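Accompanying notes for the structure given below.
Values quoted throughout were computed directly from the atomic coordinates according to the rules given, and no laboratory measurement underlies them. Quantities reported herein were computed from a predicted structural model and do not represent experimental measurements. Heads up, the Cβs are rebuilt from the backbone with ideal geometry, glycines too, and the neighbour counts pull from every protein chain shown.
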Amino acid sequence: MVADKGYHSGAVLKQLHGEDVRSYIPEPERGPRNWSGEGKAVEQKRVYDNRRRVRGARSKRLQKLRSELTERSFAHLYETGGMRRVHLRGRENILKRLLVHGAGFNLSLILRKTLGVGKPRQLQGLCSTLLVPFWRLFWRPQANLGVLGRLLHVLRGKVVSTTTSFASDPFYAAA
């Protein structure tokens with residue numbers, strides 16, 4: 001687990017170790033620690049193990065990745081998205097707004113990954129790409145009658161060959 005200095009404490013490190021999670025949490029500058037007392041030996045071992053891991057190259061890579069992925073996202077939400085100054089009354093309303101704002105941000109990431117667009121300007125080109133098949137389907141139904149007929153037959157459970165004449169079918173004669 002990678003976190004910032006605010007999450008470093010002996011109790012947290014003991015809990016993470018109990019759940020078989022390796023921690024990479026930088027230690028804040030507190031000065032010398034007093035390790036005398038009951039139960040402090042285990043806490044001391046966890047703190048020293050974490051301190052040793054934090055100084056390694058893997059920790060540096062993980063912290064850099066964390067700052068790129070999470071910190072940049074939150075910076076975008078709070079600065080660019082205007083969440084730094086929210087004019088709402090009550091903590092619950094602020095949390096609701098933050099939840100909706102974060103969901104919209106995540107939706108844009110999903111759209112960007114799956115469709116290749118996620119920004120409004122890029123969506124303009126995608127609209128024409130997605131809407132042209134629907135336009136052809138609904139504005140030129142005579143050209144697509146064969147495709148629609150085959151689809152309706154498949155939905156009704158019939159097997160349709162490509163040489164079937166739809167004009168002689170009683171299903172189409174009734175329509």
Chymotrypsin sites (Phe, Trp or Tyr not before Pro), restricted to the stretch 48-113: which are DSSP loop and have at most 11 other Cβ atoms within 10 Å?
-> none
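Counting other C-beta atoms within 10 Å, and keeping those with at most 16, which DSSP coil trypsin sites (Lys or Arg not before Pro) do you find in the stretch 7-77?
R22, R30, R33, R55
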